[in-house]
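Shown next, in structure tokens, is the structure this report addresses.
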Amino acid sequence: MVTALEEVLREEWGRVVATRNRALDRLRRERRFAAKAPLLQADEAGGNQMGSTAFPDERLELVFTCCHPSLAIEAQVALTLRTLGGLTTEEIARAFLVPESTMAQRLVRAKRKIKAAGIPFREPPARLLEDRLDAVLAVVYLVFNEAYRGRNILAGEALWLGHALATLMPEEPEVHALLAMMLPHDSRHEARFRADDMILLAEQDRSLWDVDQLRAGRSELARAIDLGGRGPYVLQAAIASLHAEDEPDCRQIAALYGELALLTDSPIVHLNRAVAIAEVDGPGEGLLIIDQLPLDEYRYFHSTRGELLARLGRADVAVAAYRRAVELVSDGAELRLFERRLAELASETGPSG
């Protein structure tokens, strides 16, 4: 039986055939560059020889350095986000869906372990890069997610790191897939905000989308597929590409989220799948999934639930859901978006709502 992933990958492949040769030429040039770059050499005397590094930039070197396998992967990611991304403990906690105090304790424990174990802060040998790749990809992913909240400088940083990873490790499908996921999302940046207000995808002016970035994202997705990629970033990249279509195939998107849920068992993935299912089978079906998810501290859980309740004509309960979403947002465009929607729903319920 053909899976949803295989089906969408066939469609994506047909869409990028015309640009494939150009992409392969570029990748060959990157391989030649990587082959000529000196291999990483860990200085056993403890020095950090920047001249002997294969990293395109010290920022990427720092990411790999912080992602030491002696630390739990969550600690690796949190430490790197704090050190490189400049995120606050509160922002990192929000990314991990844990209380700020919990994340603060994790960071303290990670720093203590580094000191007690004498973990060297230097670039790892080239043969160990792959062992740290999962954590590095998670760092770039979370930096980009934080940027999507409106911190544009972080979007540029995440995309730079993604391109640098593709140069450093050109045969890793998930590296290309992560880039393929970020590029289409970032292509919509100019359309996502009007003045200080956030504009939802369905209401965006598509003429403001960056078509070159969309094309580049599909090229990276094709490369990831060509390398045999079938991991979580490939699935997310395929979903992002489908969302960029003039008429997104919500059934296909829901199926891809289903496969992604099997890989990750992430409640946020289940939430996104519920949204797609609501578009296909109605808000009631989506709500059945959402009401089983342990996401009370996640703002989009409540805003999504509120929206589905509103579609079912239950504006009074939807108001309560949106009020909870507002409580979980401190400021910015998201807050204004939620407050605007809350006011609309409250007006529907009347003075007693």
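The values are calculated or read from the model by the stated rules, or taken from the named source; none is laboratory data. The shown structure was predicted, so the numbers you read here are calculated from the model rather than taken from an experiment. Virtual Cβ from ideal backbone geometry, glycine too; neighbours counted across all protein chains shown.
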Quiz item: Taking the stated definitions as given, is residue 317 under 24 Å from residue 192 (Cα atoms) and either out of contact with any strand residue (DSSP E or B) (no Cβ under 7 Å at 6 or more places or on another chain) or part of a helix (DSSP H, G or I) (or both)?
Solution: no
Self-check item: Odd one out for residue 215 among (1) among the basic types (Lys, Arg); (2) loosely packed, with under 15 Cβ neighbours inside 10 Å; (3) at pLDDT 95 or above
Solution: (2)
Exercise. Would you check which residues across the stretch 234-284 are surrounded by fewer than 17 Cβ atoms within 10 Å (Cβ to Cβ) and of a type in the set (A, V, I, L, M, F, W, C) and list them?
Key: 262, 263, 268, 280
Quiz prompt | Condition check for residue 318: surrounded by 23 or more Cβ atoms within 10 Å (Cβ to Cβ), more than 27 Å from the chain's Cα centre (by Cα) and not hydroxyl-bearing (Ser, Thr, Tyr) | solution = yes
Quiz item: In this structure, is residue 230 among the charged types (D, E, K, R) and surrounded by 22 or more Cβ atoms within 10 Å (Cβ to Cβ)?
Solution: no
Quiz item: For residue 129, which of the numbered conditions (1) among the aliphatic types (A, V, I, L, M); (2) touching a Lys or Arg at 6+ places or on another chain (Cβ under 9 Å); (3) modelled with pLDDT under 85 fails to hold?
Solution: (2)
Quiz item: Is at least one residue of the stretch 278-296 within 27 Å of residue 347 (Cβ to Cβ) and under 20 Å from the mean Cα position of the chain (by Cα)?
Solution: no
Quiz item: Taking the stretch 252-284 only, how many residues are of a type in the set (D, E, K, R) and either modelled with pLDDT under 95 or in the same structural domain as residue 241 (by TED's automatic domain parsing) (or both)?
Solution: 2
